[in-house]
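Presented below is the structure to which this report refers.
Readers should treat all values here as calculations from the given coordinates under stated rules, not as data from a laboratory. Because the structure is a prediction, the values reported are computed rather than measured. So basically every Cβ, Gly included, is an ideal-geometry build from the backbone, and we count neighbours across all protein chains shown.
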Amino acid sequence: MPRYQLVIFDCDGVLVDSERITNQVFADLLGELGVALTLEDMFEHFLGHSMASCLDKVATLLGRPPPTDFEATYRARSKRALETELRSVPGIEEALAQIAIPDCVASNGPIHKMRLTLSLTGLLPRFEGRLFSSENVARPKPAPDLFLHAAHCCGIAPADCVVVEDTPTGVTAAVAAGMTVLGYTALTPGHRLRAAGAHHLFDRMTDLPRLLCSGDE
């Protein structure tokens, strides 16, 4: 029988190629406040973190709290950018077509953002009714709460779950939940995902079905 009973996907950077878009918007906003960060800086320091955590980092960089409208401005600009630029992660449709194991999505992002990005890329019907957000739990990734919540809602034991993640934050959370982790290295260097505890690394989504099947007993 299959080794894994549930595949849990992160959303941004794993299903939808949104990280470059939204992190550039975030960097542009920081630039307007006098903090110059490259996209690579954003990936290293902000990628995979909850908005609350990101705002704490911004406050540290600024030496003061960010403007009260910072988050609202970021979300409005991101929505406009996503609506014109967003695409699915290369190869993910082909991979999903070959995966028969039950699946779901667990993201630190809010539900409304997941629904937007998955809808724009045509992936929402695949995951409708199986979207889980840090809004659903007390602690976001890197705590294990979100992944444990997703597994519980799907009726699967954590040890029977495999997680597809692209950030050290997400990998740390999944490992803490007692799940197998496949680290997707498109945006994050593999050594960082491995250091966070990823069990396997891959850089092409078309390889994902093979990696899942290799866990069959």
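Which ³J(HN,Hα) values in Hz, rounded to whole numbers, follow from the phi angles of the stretch 56-70 under the Karplus curve 6.51 cos²θ - 1.76 cosθ + 1.60, where θ = phi - 60° and Gly and Pro get x?
Couplings: 5, 5, 4, 4, 5, 5, 7, x, 6, x, x, x, 4, 9, 4 Hz.
Taking Cα pairs under 8 Å and at least six residues apart, what relative contact order does the chain come out at, in percent?
Reported as a whole number, the value is 27 percent.
In whole Å, what are the Cα extents of the chain along the three principal axes, biggest one first?
Sorted largest first, the three principal extents are 55, 32, 30 Å.
What FRET efficiency comes out for Asp203 versus Arg115 if R0 is 30 angstrom and r is the Cβ-Cβ distance? Round to the nearest 0.05.
0.60
Taking a ≥ b ≥ c as the square roots of the Cα gyration tensor eigenvalues, with a/c under 1.5 meaning rounded and otherwise prolate when a/b beats b/c, else oblate, which class fits the stretch 161-210?
Note, shape of the stretch 161-210 comes out oblate.
For Lys113, go through the aspartates and glutamates and keep the ones whose alpha-carbon is under 17 Å away, minus same-chain ones fewer than eight residues off.
Excluding near neighbours in sequence, the set is Asp10, Asp12, Asp17, Glu19, Glu71, Glu83, Glu85, Glu128, Glu135.
Within the stretch 84-146, which GluC sites (Glu not before Pro) sit in a loop by DSSP and count at most 12 neighbouring Cβ atoms inside 10 Å?
Details: sites: Glu85, Glu93, Glu94, Glu128, Glu135; in loops: Glu128.
When the GluC sites (Glu not before Pro) of the stretch 84-146 are filtered for loop state and at most 12 Cβ neighbours within 10 Å, Glu128 remain.
Amide H neighbours of Asp166 under 5 Å, at least 5 residues apart or on other chains, H built in the peptide plane: list them.
Result for Asp166 returns Tyr184.
In whole angstrom, how far apart do the alpha carbon centroids of the stretch 76-115 and the stretch 180-217 sit?
Each part's Cα centre sits 18 Å from the other's.
Starting from the Cα gyration tensor of the stretch 19-85, multiply each eigenvalue by 5, take the square root, and state the resulting semi-axes largest first in whole Å. Intermediate values should be presented prior to the final figure.
Working: eigenvalues 62, 37, 24 Å².
With the √(5λ) rule applied to the stretch 19-85, the semi-axes are 18, 14, 11 Å.
Amide H neighbours of Ala106 under 5 Å, counting only residues 5+ apart in sequence or on other chains, H built in-plane at 1.01 Å?
So Ala106 has HN proximity to Phe9, Asp10, Cys11, Phe132.
Show the residues, 5+ positions off or on another chain, whose built amide H is closer than 5 Å to the amide H of Val16.
Amide H to amide H, under 5 Å and 5 or more residues apart or across chains, Val16 pairs with Val89.
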